[in-house]
Each structure stands twice: as structure tokens, then as C-alpha cells.
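Okay, structure first, notes after.
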Amino acid sequence: MKTVAVYPGSFDPITNGHLDIIRRGLRIFDELIVLVAYNPNKQYLFSIEERVEMIKETIEEKERVHVDASCGLLVNYVKKSGATIILRGLRAVSDFEYEFQMALINRRLDREVETVYLMTGYKWFYTSSQIIKEAASLGGSVKGLVPDIVCEKLREKYMIGRKG
Ligand code: ADP
């Protein structure tokens, strides 16, 4: 039986840190679903469609990685999709408290779903979508921290922002 894991996040936008977790997740699981999990009341820089598109364009193992979006309860999505695992990444200690809470509530909601954590690669431990957006919005280069296509999209977004 194949093991399917769901890797949820905002991916606003996808970074090389996310891609590292996807690449390493594929060494453990047969298939991954990268899930753009969004809150309709939250503001994002990129639309859901843009985020899904950027992920699709940057992942290499297309047969084993699927991309989807959902605003519902994560454990329900996991069940519905035939997965049994939630995959998450851990960077600094600051991630830990939130992730611990999420793992516990998800386990309470569905005891058959396990959350598995991968430690960030040392090259990516300071890479977050938030810090990337901050640097890019001020005109800083984020090359090497995000896929080239994301660099391009960020440039477009903030150029339009400056003109508007
Ligand atoms: P962020 O926290 O960067 O806004 P997401 O909400 O999209 O990103 O995060 C989705 C998952 O990916 C979370 O488990 C997060 O800890 C993990 N993640 C994000 N960036 C990295 C990174 N640089 N290294 C390892 N894991 C990461």
C-alpha cells in the first residue's frame, strides 16, 4: 500500500526551504500532496491560483507530487484524499510551539492521522515566505532563496505595487 502525505502551508510564495522539505519528503513517502491551505479572512500577497501555479511550475517529480488548495479542516482533507500523514517542516525553536499545538489538535480531531516533522536544511533555516516578501518589497535580491520563477513574480508584484 502506498503512503501518501499531505504537506500543507500558505506557500505565499513557495521557497527553496519548502522545496527541500518536498524533496526529502519524497524519500520517505510514496506520494505527496502539497496543499495550499488558506483562510478566506486572511490577506495574502499571491492569489490561490498564483500560488498553486508557482508550486506546479517548480516541482520536478510531477508523477509523485500533486498540488491542491483547500480552506477546510485539514484532517478532513487528509482523510478525503486517502492520505494518512501530515508533513511539516521545522526551522527555529519559534516554530515549535505552534507546530506542537497543531499536531495535538489534529491528533485529537483524528487519531488515525499522524504529523511528521522534518528539520530544515541548514541552508534554509532563516528562509520564510514572510522574510522573502519583506526583502523583495524593499527591492532586495532573493535569488537563491526562491525558485527563479518566484523571483520574477515577486518583482512583478512589487513593481506594480510601486507604480500603483
Ligand atoms: P512560512 O512559515 O514560511 O510562511 P508556510 O506556512 O507556507 O510557510 O509553511 C508550510 C510548512 O513549511 C510549515 O511546516 C513550515 O514550518 C515549513 N517551512 C517553511 N519554510 C521552511 C524552511 N525554510 N525550512 C523548513 N521548513 C519550512
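The values are calculated or read from the model by the stated rules, or taken from the named source; none is laboratory data. Keep in mind that what you see is a predicted model, and the values were worked out from it rather than measured. Cβ sites come from the backbone with ideal geometry, for glycine too, and all protein chains shown count toward neighbours. Just so you know, the surface numbers come from the protein's heavy atoms only, side chains and all, with ligands and any DNA or RNA stripped out. Shrake-Rupley method; radii C 1.70, N 1.55, O 1.52, S 1.80 Å.
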Excluding residues on the same chain fewer than 8 positions from Lys153, give the aspartates and glutamates whose Cα lies under 17 Å from its Cα. Asp12, Glu49, Glu50, Glu53, Glu57, Glu134
Candidates Val65, Val116, Val93: whichever shows maximal mean-square fluctuation once the chain is modelled as a Gaussian network with Cα springs under 10 Å: Val93
Mean-square fluctuation check for the chain, GNM, Cα pairs under 10 Å: which of Pro13, Pro40, Pro147 is largest? Pro40
Answer rounded, prolate or oblate for the range 24-81, using the Cα gyration tensor with square roots of eigenvalues a ≥ b ≥ c: rounded when a/c is under 1.5, else prolate when a/b is larger than b/c, else oblate. oblate
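Classify the range 38-128 from the C-alpha gyration tensor, please: rounded if a/c falls under 1.5, else prolate or oblate depending on whether a/b exceeds b/c.
Values: a/c = 1.35, a/b = 1.09, b/c = 1.24.
The shape class here is rounded.
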Among the lysines, which have Cα under 21 Å from the Cα of Lys123 when same-chain residues fewer than 8 positions away are ignored? Lys133, Lys143
Could you pull out the chymotrypsin sites (Phe, Trp or Tyr not before Pro) across the range 65-164 that fall in loop regions by DSSP (anything but H, G, I, E, B) with no more than 16 other Cβ atoms inside 10 Å? Phe125, Tyr126
Rg followed by Dmax, in Å, when the chain is reduced to its Cα trace: 15.8, 53
Just from its helices, what would the mean residue ellipticity at 222 nm be for the chain, if runs of 4 or more DSSP H residues each count -39500 (n - 2.57) and the sum is divided by every residue, rounded to the nearest 500 deg cm²/dmol? -13000 deg cm²/dmol
Per residue, how many Å² of accessible area does the range 4-162 show with a 1.4 Å probe? 57 Å²
Just to make sure I understand: if all protein chains stay in place, what is the order of Leu90, Leu45, Leu104 by accessible area at 1.4 Å, largest first? Leu104, Leu45, Leu90
What percentage of the solvent-accessible surface of the chain, computed with a 1.4 Å probe over protein heavy atoms, is contributed by carbon and sulfur atoms? 55 percent
Residue of Ala83, Ala103, Ala135 that the Gaussian network model of the chain assigns the largest fluctuation, springs spanning Cα pairs under 10 Å: Ala135
Relative contact order as a percentage, the chain, C-alpha pairs under 8 Å and 6+ apart, gives 29 percent
